[in-house]
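Let me begin by presenting the structure, written as structure tokens, before commenting on it.
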Amino acid sequence: MRFGRDIFAGVTMAMASLAIFTAAASMLQQAGMDFAGSYTAGVLLSLAGTLWSAYKRYGVVLTPSLTATGYLVFIVAISHGLGWQAVLGISFSASLLGMLLWQGSTYLPRWNLPRIFPWGIKLALAVFLICLGLKMGRIVINSPWQVTMLGDAADSLMYWSMAGIVLTMALLAGGWRSALFSGMVVTGAVTFSEGFWVIPAAPFFLPEGLEKVFGQLSLGVSDVQNSAFYLVTVLSLLAMLSAIHWSTFSALSRAGKPAEGVRFLFALGTLGALCGVPPLVISPVSAVPAEGNGRRGLLAAALLFVGALFCEPIIAAMAAFPAMAVPVLVGSGFLLLLAAVQDCPLSENALERRAEVLAISVLVLLLPLTGNFATALGISLIGYTLFMSMAGKFRQVAGIVWLISGIFALYYVYGSLF
């Protein structure tokens with residue numbers, strides 16, 4: 001029944017996203033922020049954003065961005081010593097500018113990018129999800145002489161992650177309804193029974209610490225040198241979030257209104273910075289609703305987020321042995337890949353088609369290798385303008401593509417100076 005598929009899809013999305021809350025809070029704790037406060041604020045804002053997504057029929061789950069949080073914590077707070085208050089201030093400024101910028105996009109002519117990019121983003125996200133799951137399950141690991149290598153089958157995490165993937169792929173191939181949910185539950189139950197993760201003696205966590213993070217943002221710094229870095233970081237984060245929001249919304253949302261969705265995400269980021277939360281993004285596992293659809297799934301995910309407010313120790317224990325999340329990530333990637341290959345909008349012109357294939361190849365390769373949406377999409381757009389120009393088709397490149405390529409070029413140049 002569709003009702004059951006919706007509920008299973010929502011629970012699957014939420015379960016696969018829970019570890020992000022503890023990971024983001026742990027990173028912010030390294031910058032000096034209170035763990036309990038940042039965890040509670042992150043879950044509450046994700047809950048509010050997911051409920052709004054259900055109301056607007058966006059069909060996506062929202063969680064803190066580990067990419068943006070890592071950039072802000074390790075580059076801004078730790079490397080440059082600006083503190084977590086400055087991190088929130090930068091997030092607030094970038095989100096406010098982004099909201100104003102994308103509000104103005106309504107009045108810009110030819111704002112939509114070529115059709116090949118939404119398709120390419122979906123393809124790149126599919127490969128990214130598969131690679132992320134394989135890496136999380138230690139099925140592929142770092143290698144000293146090549147990009148990656150196969151993990152050790154004697155590793156329990158690798159063994160059970162692979163078993164979960166095989167089960168999930170078999171269910172998908174057989175047309176099993178809610179295959180991702182079934183693969184996740186079976187893998188989680190078996191690994192729990194085998195003792196690879198245990199429920200802590202004190203499994204519950206009372207929401208607290210909001211007063212330590214709410215309204216603590218710092219807009220600017222005192223000395224001139226750090227002020228310049230602060231401004232550049234705001235612009236860099238603006239470019240990064242624009243790329244992440246637009247690409248994930250275009251690929252994963254069924255609303256079909258990318259600009260409206262990006263404005264919503266930036267508005268939520270502005271509110272989040274005031275509440276003590278780094279930027280929120282669309283969780284990649286929002287690809288799961290290919291199994292189910294409708295508001296019911298998002299309401300089920302939101303209900304699970306309510307439970308997450310009180311169960312941080314259990315979530316941390318599950319994240320320590322993430323075998324049950326691996327089949328969801330890999331399965332979501334394959335579902336998204338199947339959706340992408342069914343409709344490939346390549347140009348009929350040979351020269352334009354060559355430029356499109358080259359640009360999308362850059363995107364598909366860089367996203368899983370770097371895990372950075374801004375880097376992958378920015379270089380892909382710059383490459384597209386270059387490839388089209390070299391093919392003598394520069395007049396066919398939309399003005400917005402030139403504009404965004406220029407913004408990303410400045411982003412890379414100024415980012416290298418700091």
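The values are calculated or read from the model by the stated rules, or taken from the named source; none is laboratory data. Being a predicted model, the structure only gives us computed values, none of them experimental. Quick reminder, even Gly has a Cβ in these numbers, built from the backbone with ideal geometry, and neighbours come from all protein chains shown. Keep in mind that these areas ignore ligands, DNA and RNA; they rest on the heavy atoms of the full protein, side chains included. Shrake-Rupley method; radii C 1.70, N 1.55, O 1.52, S 1.80 Å.
Miscellaneous remarks
- Residue within region 183-200 that is closer than 29 Å to GLN85 by Cα and either in a helix (DSSP H, G or I) or open to solvent by 20 Å² or more (accessible area, probe 1.4 Å) (or both) present: no
- Against the numbered list (1) touching a residue at least 60 places away in the same chain (Cβ under 8 Å); (2) open to solvent by 30 Å² or more (accessible area, probe 1.4 Å), LEU100 comes up short only at (1).
- Residues located in region 150-165, provided they are modelled with pLDDT of 90 or more and open to solvent by 90 Å² or more (accessible area, probe 1.4 Å): TYR159
- Of all residues in region 58-67, none satisfies being buried (at least 24 other Cβ atoms within 10 Å of the Cβ), touching a helix residue (DSSP H, G or I) at 6+ places or on another chain (Cβ under 8 Å) and either among the acidic types (Asp, Glu) or assigned to a helix (DSSP H, G or I) (or both).
- Scanning region 256-270 for residues that are more than 20 Å from VAL43 (Cα to Cα), modelled with pLDDT of 80 or more and surrounded by fewer than 22 Cβ atoms within 10 Å (Cβ to Cβ) yields a count of 2.
Every residue, every condition in (1) free of Cβ contacts under 8 Å to residues at least 24 places away in the same chain; (2) more than 28 Å from LEU366 (Cα to Cα), yes or no:
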{"site": "VAL147", "(1), (2)": "no, no"}
{"site": "GLY151", "(1), (2)": "yes, no"}
{"site": "TYR159", "(1), (2)": "yes, no"}
{"site": "ILE165", "(1), (2)": "no, no"}
{"site": "LEU172", "(1), (2)": "no, no"}
{"site": "ARG177", "(1), (2)": "no, yes"}
{"site": "LEU180", "(1), (2)": "no, no"}
{"site": "GLY188", "(1), (2)": "no, yes"}
{"site": "THR191", "(1), (2)": "no, yes"}
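- Test: residue in region 283-290 that is open to solvent by 40 Å² or more (accessible area, probe 1.4 Å) and either of a type in the set (A, V, I, L, M) or within 17 Å of ILE20 (Cα to Cα) (or both): yes
- Top-ranked residue of region 203-216 - restricted to ones that are open to solvent by less than 70 Å² (accessible area, probe 1.4 Å) and part of a loop (DSSP other than H, G, I, E, B), ranked as nearest to GLY37 (Cα to Cα): GLY209
- Residue match in region 247-255 (condition: open to solvent by 30 Å² or more (accessible area, probe 1.4 Å), charged (D, E, K, R) and modelled with pLDDT under 80): yes
- Test: LEU108 is open to solvent by 30 Å² or more (accessible area, probe 1.4 Å) and modelled with pLDDT under 85: yes
- Top-ranked residue in region 320-333 [being within 17 Å of the chain's Cα centre (by Cα) and hydrophobic (A, V, I, L, M, F, W, C); ranked as surrounded by the most Cβ atoms within 10 Å (Cβ to Cβ)]: VAL326
- Residue within region 4-19 that is polar (S, T, N, Q), open to solvent by 10 Å² or more (accessible area, probe 1.4 Å) and part of a helix (DSSP H, G or I) present: no
- Flag for LEU329 being more than 30 Å from TYR159 (Cβ to Cβ) and not small (Gly, Ala, Ser): no
- When LEU338 is tested against (1) in contact (Cβ under 8 Å) with a residue 60 or more places away in the chain; (2) within 26 Å of GLY164 (Cβ to Cβ); (3) open to solvent by 30 Å² or more (accessible area, probe 1.4 Å), just one condition goes unmet, and that condition is (1).
- For region 368-388, a residue qualifies if it is open to solvent by less than 40 Å² (accessible area, probe 1.4 Å) and farther than 14 Å from TRP119 by Cβ, and the qualifying residues are PRO368, GLY371, ASN372, PHE373, ALA374, THR375, ALA376, GLY378, LEU381, GLY383, THR385, MET388.
- When GLY83 is tested against (1) surrounded by fewer than 20 Cβ atoms within 10 Å (Cβ to Cβ); (2) closer than 30 Å to LEU369 by Cβ, exactly one condition is not met: (2).
- For region 79-90, the count of residues that are touching a residue at least 60 places away in the same chain (Cβ under 8 Å) and under 18 Å from SER286 (Cα atoms) is zero.
- Being loosely packed, with under 15 Cβ neighbours inside 10 Å, at pLDDT below 80 and within 30 Å of GLY37 (Cα to Cα) is true of ALA228.
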